[in-house]
Amino acid sequence: MENKIFKNVTIGEGTIIEGPCVIGKPPRGKKPGELPLIIGSNCIIRSFTTIYAGSVIGDNVQTGQCVSIRENNKIGDNVSIGTNSVLEFDNVIGNNTRIHTGCFLEMTEIGNDVFVGPNVVFTDDLHPMKCPKYKECVGGVKVKDLARIGANSTILPGVVIGRNSLVGAGSVVTKDVPENVVVAGNPARIINDVNKLKCIPGFFERPYMWKPYI
């Protein structure tokens with residue numbers, strides 16, 4: 001099936017776009033080709049993905065099926081974005097990060113080597129809807145390097161998730177998470193230190209005794 005690729009799109013060598021996809025779609029209020037879209041080398045863009053103009057995507061990026069990537073996204077190298085995930089505008093995603101299936105991001109900053117489990121929602125608006133100042137308010141979530149966020153978690157606007165922290169599945173994170181801790185619950189609370197976790201099968205002295213965590 002054919003792809004629709006607009007003008008002013010740069011696609012790196014070795015990148016595969018599995019049809020049908022829409023690549024370089026103009027955002028609202030912009031003309032076709034007015035904003036550039038840059039997609040790096042050796043990417044795999046899977047079927048039914050739509051990528052808007054005005055974003056920069058690094059090398060070796062993969063999308064699942066039916067991914068939507070809006071304008072003003074900056075995506076690093078070796079990033080995976082799972083099926084049915086939605087990246088609204090103004091996200092920054094670092095290198096070697098995994099965004100799993102069914103996630104929602106808007107005005108979110110994610111560091112390097114971060115794992116985001118399925119169906120995680122990052123919020124950015126304290127008082128929806130149509131607050132005329134929400135972009136100037138607390139803003140989106142910031143996730144530091146090496147953090148891991150469990151499936152079905154919701155992260156509230158303006159929260160900072162610390163380096164090498166772990167958010168348990170199903171958590172609602174309402175305030176900043178320090179680095180190197182485990183939080184869980186609704187609202188999420190500190191329940192452990194990452195370095196005190198146990199490897200239940202006993203394969204390792206403790207979890208995360210492997211790269212990039214050591």
Suppose we keep only residues that are of a type outside the set (Gly, Ala, Ser) and buried (at least 16 other Cβ atoms within 10 Å of the Cβ) within segment 23-37. Which one would you say is nearest to Lys4 (Cα to Cα)? Ile23
Give me a count of the residues in segment 128-164 that are assigned to a strand (DSSP E or B) and of a type in the set (Asp, Glu). 0
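Looking at segment 83-93, which of its residues are in a loop (DSSP other than H, G, I, E, B) and either without any contact (Cβ under 8 Å) to a residue 12 or more places away in the chain or not small (Gly, Ala, Ser) (or both)?
Correct list: Thr83, Asn84, Glu88, Phe89, Asp90, Asn91.
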When you go through Arg206, Arg189 one by one, which is the residue that is charged (D, E, K, R) and in a strand (DSSP E or B)? Arg189
Check on Val182, on the phi < 0 side of the Ramachandran plot and buried (at least 17 other Cβ atoms within 10 Å of the Cβ): yes
With the structure loaded, tell me whether Lys144 is surrounded by fewer than 21 Cβ atoms within 10 Å (Cβ to Cβ), among the basic types (Lys, Arg) and under 22 Å from Asn192 (Cβ atoms) or whether it fails that test. yes
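Which residues, counting only those in segment 176-186, are part of a loop (DSSP other than H, G, I, E, B) and touching a strand residue (DSSP E or B) at 6+ places or on another chain (Cβ under 8 Å)?
Step one: list which residues in segment 176-186 are part of a loop (DSSP other than H, G, I, E, B), which gives 176, 178-180, 186.
Asp176, Pro178, Asn180, Asn186, listed by residue number.
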Mind checking which residues of segment 79-100 are farther than 14 Å from Val143 by Cβ, crowded, with 19+ Cβ neighbours inside 10 Å and not hydrophobic (A, V, I, L, M, F, W, C)? Gly82, Ser85, Glu88, Asp90
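Picking from Pro118, Pro157, which residue would you name as being in contact with a His (Cβ under 6 Å, 6 or more places away or on another chain) and either in contact (Cβ under 8 Å) with a residue 40 or more places away in the chain or farther than 23 Å from Ile214 by Cβ (or both)? I'd like the intermediate steps shown before the answer.
Numbers: Pro157 fails: in contact with a His (Cβ under 6 Å, 6 or more places away or on another chain).
After ruling out the rest, the residue left standing is Pro118.
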Ala151 within 16 Å of the chain's Cα centre (by Cα), surrounded by 13 or more Cβ atoms within 10 Å (Cβ to Cβ) and closer than 30 Å to Pro128 by Cα: yes
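Residue-by-condition table, conditions (1) in contact (Cβ under 8 Å) with a residue 40 or more places away in the chain; (2) of a type in the set (S, T, N, Q); (3) under 19 Å from Pro157 (Cα atoms):
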residue: Cys66; (1), (2), (3): no, no, no
residue: Ile81; (1), (2), (3): no, no, no
residue: Asn95; (1), (2), (3): no, yes, no
residue: Thr101; (1), (2), (3): no, yes, no
residue: Glu106; (1), (2), (3): no, no, yes
residue: Gly111; (1), (2), (3): yes, no, yes
residue: Pro128; (1), (2), (3): no, no, yes
Give the number of residues within segment 69-79 that are farther than 17 Å from Met107 by Cβ and either in a strand (DSSP E or B) or free of Cβ contacts under 8 Å to residues at least 24 places away in the same chain (or both). 2
Within segment 45-77, residues of a type in the set (S, T, N, Q), surrounded by fewer than 22 Cβ atoms within 10 Å (Cβ to Cβ) and farther than 22 Å from Lys31 by Cβ come out as Ser47, Asn60, Gln62, Gln65
Could you list all residues from segment 110-127 that are within 27 Å of Gly64 (Cβ to Cβ) and assigned to a loop (DSSP other than H, G, I, E, B)? Gly111, Asn112, Asp113, Val114, Gly117, Pro118, Asn119, Val120, Thr123, Asp124, Asp125
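A short reminder: the numbers here are calculations on the coordinates, not readings from a lab. If you're wondering where the values come from, they're calculated on a predicted model, not measured in any experiment. Counting neighbours? That spans all protein chains shown, and the Cβs are built from the backbone with ideal geometry, glycine included.
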